[in-house]
Amino acid sequence: MGNERIYNFSAGPSMLPLEVLEKAGAEITNYQGSGMSVMEMSHRSKVFDQIFVDTQAKFRKLFCVPEGYKILFLQGGASTQFSMVPLNLIGKTGKADYAVTGNFSSIAYKEAKKYGTIQLAASSEDKNHTYIPTQAQLKLDPGASYFHYCANNTIYGTEWQYVPDTGDVPLVCDMSSDILSRPVDVSKYGIIYAGAQKNMAPAGLTVVIIRADLAGSELPYTPLMLNYKTMIDKDSMYNTPPCWCIYILGLVLDWLEEKGGVPGMEAIKHGKAQMLYDVLDGSRLFSCPAEVGSRSDMNVTFRSVSEELDAKFVKEATAQGFTNLKGHRNVGGMRASIYNAMPVEGVEKLCDFISAFDKAN
Ligand SMILES: *Cc1c(COP(=O)(O)O)cnc(C)c1O
């Protein structure tokens, strides 16, 4: 079964660990003697409640979420948080700071403008988002209700290598594409959110970690379902949560723990990315647009000397079982997304393929 699988470098939804898929497959018609699939269970049943509570507890332990923070399992994707964050937080002062370092932070910035005065604290647009601004480059307003940034730019292949220091202004971070890949000091943040389909679970689940005191000052017209308070008060069970995704997240967290938890993942992921960057830097044909020092360990963007050769590369790679390497249209070239579930072996084989292509062309 496993040996027919290919190396899928998709940016999201992306690979899940084979062990997780096999476990879910084995339990799919009859979850632990319940006589039914997790997909068929009431979200209010005892069996599902146990899955929910266990998954939340595992997440809290593995991601080191301190007391005073709630872990919410929501729907609507990371994109819904682009609206939910300003609706709930901007009321404090009417102002917020945004760093725009790529596609998603740009969408978040534009969306927030509907709800208050939004200051562009930093932008990397001048160099087509090939770098992350330094702390000194951030224009910070101490009167901002919060500061929003995106930790890893999935499309452009850059990643913040530091946590911005914003003083007393709460940090809000979109970690959709690098959550659980490196240890995070959650206590430095007001809100961390992430769509699950990059590094955690199937699409349909959004994990939100929120400092509880930040909820409750939403704008008066905030929709019921976009109010953090609604979800905190009912522990994400105001309505039906994404049950199946929560179950798979639990399995992914078990897998992660076996691999040494988040610190274990950090060591592995950094090694994988470094291997790819080394091969690309040492090649004749390939280059990486992202500046050294801002490069992402999750999404490695690169290109060859021409668009024709890029197309040839993608075509030949696909034929050999390395799929979804075509870059996003905003950047062109190629992108290898190497989230936690991408085995080291997959990256090693891709490196061999890149070297062989470099020699042959
Ligand atoms: C994929 C992605 C999004 C969009 O996520 P959806 O769940 O599709 O809304 C937002 N931010 C980042 C960093 C992403 O990688």
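Is it true that some residue in the range 89-97 is within 15 Å of TYR193 (Cα to Cα) and either at pLDDT 95 or above or open to solvent by 10 Å² or more (accessible area, probe 1.4 Å) (or both)?
Checking the range 89-97: at least one residue is within 15 Å of TYR193 (Cα to Cα) and either at pLDDT 95 or above or open to solvent by 10 Å² or more (accessible area, probe 1.4 Å) (or both).
To keep it simple, each residue is scored yes or no on (1) under 27 Å from LYS269 (Cβ atoms); (2) basic (Lys, Arg); (3) part of a strand (DSSP E or B); (4) in contact with a strand residue (DSSP E or B) (Cβ under 6 Å, 6 or more places away or on another chain).
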{"site": "TYR131", "(1), (2), (3), (4)": "yes, no, no, no"}
{"site": "VAL172", "(1), (2), (3), (4)": "yes, no, yes, yes"}
{"site": "PRO183", "(1), (2), (3), (4)": "yes, no, no, no"}
{"site": "LYS198", "(1), (2), (3), (4)": "yes, yes, no, no"}
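Quick one: is ASN299 open to solvent by less than 70 Å² (accessible area, probe 1.4 Å) and modelled with pLDDT under 95?
Answer is no for this residue.
Which of the helices (runs of 4 or more DSSP H) contained wholly in the range 20-112 include at least 1 residues that are farther than 30 Å from GLU125 by Cα?
46-62
Between LYS114, LYS110, LYS61, LYS127, which is within 16 Å of the ligand (Cβ to nearest atom) and loosely packed, with under 15 Cβ neighbours inside 10 Å?
LYS110
Anything in the range 206-231 that is of a type outside the set (S, T, N, Q), open to solvent by less than 40 Å² (accessible area, probe 1.4 Å) and in a strand (DSSP E or B)? List them, or say none.
VAL207, VAL208, ILE209, ILE210, listed by residue number.
Can you say whether SER283 is open to solvent by less than 10 Å² (accessible area, probe 1.4 Å), touching a residue at least 12 places away in the same chain (Cβ under 8 Å), more than 16 Å from the ligand (Cβ to nearest atom) and not in a helix (DSSP H, G or I), as far as the supplied structure shows?
no
Would you confirm whether or not the range 339-346 contains a residue that is more than 30 Å from VAL186 (Cβ to Cβ), surrounded by fewer than 21 Cβ atoms within 10 Å (Cβ to Cβ) and among the acidic types (Asp, Glu)?
yes
Which residue, of GLY157, GLY190, GLY102, is within 16 Å of the ligand (Cβ to nearest atom), in contact (Cβ under 8 Å) with a residue 60 or more places away in the chain and open to solvent by less than 60 Å² (accessible area, probe 1.4 Å)?
From the options GLY157, GLY190, GLY102, the qualifying one is GLY157.
Residues of the range 5-26 being under 27 Å from the mean Cα position of the chain (by Cα) and either at pLDDT below 95 or more than 16 Å from the ligand (Cβ to nearest atom) (or both), which ones?
Listed by number, the residues that qualify are ARG5, ILE6, TYR7, PRO17, LEU18, GLU19, VAL20, LEU21, GLU22, LYS23, ALA24, GLY25.
Which residues, taken from the range 1-38, are among the hydroxyl-bearing types (Ser, Thr, Tyr) and open to solvent by 60 Å² or more (accessible area, probe 1.4 Å)?
Within the range 1-38, THR29 is the sole residue that qualifies.
Do we find a residue being open to solvent by less than 60 Å² (accessible area, probe 1.4 Å) and over 17 Å from ALA11 (Cβ atoms) anywhere in the range 314-327?
The answer is yes, given that some residue of the range 314-327 is open to solvent by less than 60 Å² (accessible area, probe 1.4 Å) and over 17 Å from ALA11 (Cβ atoms).
Assuming GLN50 fulfils every condition listed in (1) surrounded by fewer than 22 Cβ atoms within 10 Å (Cβ to Cβ); (2) within 16 Å of the ligand (Cβ to nearest atom); (3) over 19 Å from the mean Cα position of the chain (by Cα) apart from one, which condition is it?
Exception for GLN50: condition (2).
For the structure I just gave you, tell me whether PRO183 is in contact (Cβ under 8 Å) with a residue 40 or more places away in the chain and open to solvent by 20 Å² or more (accessible area, probe 1.4 Å).
Judged against the criteria, PRO183 is a match.
Under 6 Å between Cβ atoms, which residue pairs at least 6 apart in sequence (or on different chains) link something in the range 243-267 that is of a type in the set (Ser, Thr, Tyr) with a partner that is buried (at least 19 other Cβ atoms within 10 Å of the Cβ) and assigned to a helix (DSSP H, G or I)?
Listed by first residue and then by second, the contacts come to TYR247/VAL38; TYR247/ILE51.
What about GLY260, is it more than 29 Å from THR134 (Cα to Cα), crowded, with 21+ Cβ neighbours inside 10 Å and either among the polar types (S, T, N, Q) or within 21 Å of the chain's Cα centre (by Cα) (or both)?
No; evaluated as a whole, the condition is false for this residue.
The values are calculated or read from the model by the stated rules, or taken from the named source; none is laboratory data. As the structure is a prediction and not an experimental result, all values here were calculated from the model. Every residue, glycine as well, gets a Cβ built from its backbone with ideal geometry; the counts of neighbours run over all protein chains shown. The protein model used for the area step is the full one, side chains on, heavy atoms only, and it has no ligands, DNA or RNA in it. Shrake-Rupley method; radii C 1.70, N 1.55, O 1.52, S 1.80 Å.
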